Amino acid sequence: MSAPSVLERIQALDAYAPGLSIAEIRRRHGLEKVIKLASNENPLGASPLAQEAIRRNAGLAFRYPQGGNPRLTAALAGLHGVAQERVAVGNGSDEIIDLLIRMLAADGEHNIVCFEPCFSIYPIQARVAGVGLRRLPLRADFSQDLDALAALADDATRVVFVTTPDNPSGYCPPREDVARLARRLAETAPKALLVVDEAYMDFAEDEAARTLLHAGELPDNVAVLRTFSKSFGLAGMRIGYGILPPAIADGFWRARLPFSLNVLAEEAALAALEDSAFRAATLETVRTGRRTLAEGLRRLGCEVWPSEANFLMFRLPEGHDAKACFEGLLRRGIIIRPLRSYGLPEHMRVSVGTPEENAAFLTALEEELAAGARP
Ligand SMILES: *Cc1c(COP(=O)(O)O)cnc(C)c1O
């Protein structure tokens with residue numbers, strides 16, 4: 001018997017494990033109100049100006065987008081003070097990550113390098129592409145040994161991924177460390193592109209001191225990725241972007257599906273870039289909420305890791321079971337993120353919400369801990 005079948009490496013894949021949805025938990029537990037703090041979405045929702053742009057442009061839905069999204073790439077080039085030729089936009093930064101791997105690394109021949117654990121899209125898309133995967137464990141405190149990461153790369157390495165601030169830990173290395181990684185790679189792995197995923201960088205207490213985009217010229221072997229999914233509040237619209245070396249940006253536009261960024265997403269992104277009031281409120285809400293949440297978790301006896309992102313990684317006090325606690329929180333209408341799929345069965349991640357959501361989460365967690373949540 002023979003029948004069409006997908007490649008074995010695809011059959012063997014563990015698909016990306018997304019955060020549970022509000023509708024799912026409402027139905028499963030018969031709840032009216034559910035709070036989702038599982039996917040690092042914007043606590044204030046979508047930018048009002050972006051919502052207005054989506055409504056205003058709904059009638060354009062019959063049109064194909066303009067090839068190459070020139071209005072959006074021009075706006076982003078202006079925002080970061082880089083040449084427009086370097087700006088790539090895609091259907092979420094996920095699309096850019098996937099394409100970079102497939103554009104640069106050949107099936108069975110080349111490898112990519114990343115940390116373990118890391119944002120799971122990097123290893124998943126590397127496996128889809130059939131390229132080798134080299135992974136370096138994070139240090140025990142979840143900081144990143146970037147010198148050791150550089151040492152993993154060689155002539156066959158085509159992409160090296162780092163996430164700053166990191167997901168799921170929230171750790172953010174000093175900019176100079178990332179710049180040194182780029183210099184070392186240029187010597188020891190000259191064909192490797194260093195992809196610095198800055199999806200959460202704007203939440204850092206001092207973004208200017210951390211991001212590679214404020215350091216003057218980007219090194220020739222570096223790409224920086226950003227997204228509209230977090231601080232711009234447009235996760236559902238799927239818009240990510242990257243500042244790439246010019247030759248790689250050129251390849252990107254040849255390889256990318258021509259209309260992957262849809263008409264309404266582009267309009268929403270352009271409007272969100274104008275909505276400085278919404279962004280200021282978002283950053284204030286997240287930075288304040290992060291402190292409140294961290295204090296609250298520590299007060300409950302949890303171990304909390306320092307975070308420069310819009311989420312916190314934490315571990316329950318001794319004797320409490322993460323899975324039971326996660327399920328208990330679900331029954332109370334609160335969705336957070338267990339980190340089992342990241343290989344961290346005892347750790348959990350909670351996104352920073354509104355003050356009310358943060359308070360509801362801390363109350364529910366306190367009740368769960370009091371009720372036991374033991375193995
Ligand atoms: C959320 C996130 C992104 C953004 O992905 P999109 O596809 O733009 O929604 C990228 N990298 C990391 C590490 C993330 O956590």
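Set the Förster distance to 51 Å, then compute FRET efficiency between LYS191 and ASP321 from the Cβ-Cβ distance, nearest 0.05. Approximately 0.65, to the nearest 0.05.
Estimated from the Cβ-Cβ distance and a Förster radius of 25 angstrom, the FRET efficiency linking GLU346 and GLU284 is about 0.20.
Extension gain, ARG28 to GLU116, is 28.4 nm, computed as 0.36 nm per intervening residue step minus the present C-alpha separation. DSSP beta bridges confined to region 150-288 are antiparallel in about 30 percent of cases. Karplus-based coupling profile of region 177-190, in residue order and whole Hz: 5, 6, 4, 5, 4, 4, 5, 5, 4, 4, 7, 9, 9, x, with θ = phi - 60° in 6.51 cos²θ - 1.76 cosθ + 1.60 and x standing for Gly or Pro.
Mean residue ellipticity at 222 nm, helices only, the chain: -12000 deg cm²/dmol; runs of at least 4 DSSP H residues each add -39,500 (n - 2.57), and the sum is divided by the number of residues. For the peptides 139-151, 55-67, 269-281, 190-202, residues were scored by their other Cβ atoms within 10 Å and the scores averaged per peptide; the highest-first order is 190-202, 269-281, 139-151, 55-67. LYS230: which lysines have alpha carbons under 17 Å from its alpha carbon, excluding same-chain residues fewer than 8 sequence positions away? By straight Cα distance, LYS230 reaches LYS36. Note on the chain: GNM, Cα springs under 10 Å; of GLY251, GLY240, GLY296, the largest mean-square fluctuation is that of GLY251. Hey, how many Å between the Cα centroid of region 172-223 and the Cα centroid of region 21-59? Cα centroid to Cα centroid, the span is 32 Å. Applying a DSSP loop filter and a limit of 14 other Cβ atoms within 10 Å to the GluC sites (Glu not before Pro) in region 302-337 leaves GLU318. Taking 0.36 nm per residue of separation and subtracting the current Cα-Cα distance, fully stretching the chain between THR354 and SER21 would add 118.1 nm. Of the residues GLY216, SER276, GLY68, the one whose Cα sits farthest toward the positive end of the charge dipole of the chain, with +1 on the Cβ of Lys and Arg and -1 on the Cβ of Asp and Glu, is GLY68. Taking every Cα-Cα distance in the chain and sorting them into 20 Å bins starting at zero, the pair-distance distribution P(r) comes out as 28, 58, 14, 0 percent. Take every DSSP beta bridge whose two residues both sit in the chain; close to 45 percent of them are antiparallel.
Multiplying the residue separation of ALA208 and THR292 by 0.36 nm and subtracting their alpha-carbon distance yields 27.9 nm. Separation of region 62-137 from region 297-375 is 31 Å, based on Cα centroids.
Rg and Dmax of region 230-375, based on Cα coordinates, read 19.3, 58 Å.
Just so you know, all these numbers are worked out from the coordinates, no wet-lab data involved. No experiment lies behind these values; they were computed from the predicted model shown. No Cβ is skipped: glycine too gets one built from the backbone with ideal geometry, and neighbour counts run over all protein chains shown.
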